[in-house]
């Protein structure tokens, strides 16, 4: 959270400095009308439009990825439960280990 705040603060300070340095007036020609505006405001608006366009283009992919992650998490949880169940079944089936008798240990001795 602190890293996000610091990054945001740095970006805001850069934007304010940029706005102070670029106070010239520019004319934007839309073909049917012309608009006189501040250069820094124009660049900021274009940047904001670009950010919104990139957000809306990437949103479907992000939502699909989140859905896939949720599905995979459910599968993992189910498989872990199945593993635990199978381990319990294996423990119940596995014969109890008995201590080796003296005759079993001397099989290879001649």
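Values quoted throughout were computed directly from the atomic coordinates according to the rules given, and no laboratory measurement underlies them. Everything numeric in this text was worked out from a predicted model, so none of it was measured.
Things to note:
- Secondary-structure-derived ellipticity at 222 nm for the chain, considering helices only, amounts to -25500 deg cm²/dmol, per-run term -39500 (n - 2.57) for DSSP H runs with n ≥ 4.
- Subtracting the Cα-Cα distance of residue 15 and residue 47 from 0.36 nm times their residue separation leaves 10.4 nm of extension gain.
- Global size of the chain as Cα Rg and Dmax, reported in angstrom: 34.2, 109
- Degrees between helix 2-21 axis and first principal axis of the chain (Cα, 0 to 90, nearest 10): 20 degrees
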